[in-house]
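Please treat every number below as a calculation from the coordinates, not as lab data. Computed from a prediction, not measured in an experiment: that's the story for all the values here. With ideal geometry, Cβ positions are generated from the backbone for all residues, glycine too; neighbour counts draw on all protein chains shown.
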Amino acid sequence: RSHPNDPDPAIVKMILAGNPPRAFAGVAAGERNLLAIGRGHVSGPWLGLGSVWTGDDHRLERMANRIMVALGHWGARRGARYCYLEVASGDEKLRELCTMLGFTVHHRCRILTAPKERPEIC
């Protein structure tokens, strides 16, 4: 539902292809109405969860919980014993859910971007 940029088809293909094993999970109402999505990737004993998203109208319905539990079972069947998840710093509802699922904050990070205008060098 979000299209902030015109995606480069090569980048989209790279994200979707990833390095196996990977899985995508979703909850939908009908063919085109996504309620929640998520992505999992197994690397050794680790399951990485990312791109967990829930539509605003369905945040109280535990959709993200269902996505993460389903991906957790998928990862465990492939040998993952540990799990990590990146959560945007402003998403307090997701942080609460992660705490209920047993996650703790390991570290915080910042995303840096180039300034829109370069300052003049004197």
So between A70 and R95, what do we pick up on full extension, going 0.36 nm a residue minus the alpha carbon distance?
7.2 nm
What ranking, highest mean first, results for peptides 107-114, 35-42, 94-101 when packing means the other Cβ atoms within 10 Å averaged over each residue?
35-42, 94-101, 107-114
Report the residues of region 53-86 in range of a label on A17: point 7 Å along Cα→C-beta, backbone N strictly under 12 Å from it.
none
Tell me the label-point distance for the pair T104, D8, using the 7 Å Cα-to-Cβ offset, in nm and rounded to one decimal.
4.0 nm
